[in-house]
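In what follows, a single structure is set out as structure tokens and then discussed.
Taken together, the values in this text are just the output of simple stated rules run on the coordinates, not laboratory data. As the structure is a computational prediction, the values presented were derived from the model and not from experiment.
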Amino acid sequence: MPIYQTSFEVNAPADRVWQVLTTLDRYPDWNPQIPLARGALERGSQINLRLALPGRPPLDLAATIEEVRPASLLTWRGHVVAPWFFEGYRRFEIKPITGSKVLVTHVEDVHGLLAPLFSVLMGTPVQKSHTALNEALRVRAEGGA
């Protein structure tokens, strides 16, 4: 099943990256892949997301927060119809390199019955969108617009 995983350095402390990543009401200001996100970032809570992939209409969905470790880890999981049909898992892990630099690992794991078709039809747009989110997070955390 398709797994999109990247790691990238950010010249900002872990707390700053965490602040950008977890201030959901600011996503429209910087996040090209998830331009809308609402909800509480607490284990077991539901968040509402709007996914925007290049060349596709936006998709609104709900996800459940699985792990929240401030300045370290945020994960959520959501599905369409049922987990066996199509499910996505998202993970953002922040690891300090120095006091003012971190390594962010961003994973998107898509699985279920529909996942192979999704990979064929959407693999390249998803990877481009994934990369755009990473770059936007880096720029925002480093103090850019």
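On a full-extension model of 0.36 nm per residue, what is the gain between K101 and T131, subtracting their alpha-carbon distance, rounded to one decimal in nm?
Fully extending the segment from K101 to T131 adds 8.9 nm.
Can you run the Rg to Rh ratio on the stretch 1-63? Use alpha carbon positions and the Kirkwood inverse-distance Rh.
Rg/Rh for the stretch 1-63 comes to 0.99.
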